[in-house]
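Have a look at this one.
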Amino acid sequence: MVSPDRKEPACVLVMVILKGTVAISFNGNKEPAAYAEIVSMGGITKQVKRNLIATLGRILEAKLSIPRARFFLKVYDTTAAGNCSKL
């Protein structure tokens, strides 16, 4: 697969952990809610971030009955931190 914007090989690794037994409370309210983290090694632009939030919000609402207003997404781009480890 080639990344269309960079013309170089694209590698996508996804890890999903669902923990239905972990209680989440937003502002003291214990109605269904979700928290997600996405860690990227580049490629997360503002538009990509908006699309991720919208897509994940739709999936959570449709499949798990979690309203979009009760979903928090943390996006972290490791390349933006400037730590270029050569391991």
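Quote to one decimal, in nm, the extra length available between SER40 and ALA23 on full extension: 0.36 nm per residue of separation minus the C-alpha distance between them.
Details: separation 17, 0.36 × 17 = 6.12 nm, distance 2.63 nm.
This chain segment gains 3.5 nm when fully extended.
Give the relative contact order (percent, whole number) for segment 13-81; include only Cα pairs under 8 Å separated by 6+ residues.
Contact order relative to length: 42 percent.
Separate question: What nm distance separates the two modelled labels at GLU31 and PHE72, each placed 7 Å from Cα along Cα→Cβ?
Using points 7 Å along Cα→Cβ, the separation is 1.7 nm.
None of the figures in this text is laboratory data; all of them are computed from the coordinates on show. Fair warning: this is a prediction, and the values are worked out from it, not measured in the lab. Neighbour counts run over all protein chains shown; Cβ positions are idealised from the backbone, glycine included.
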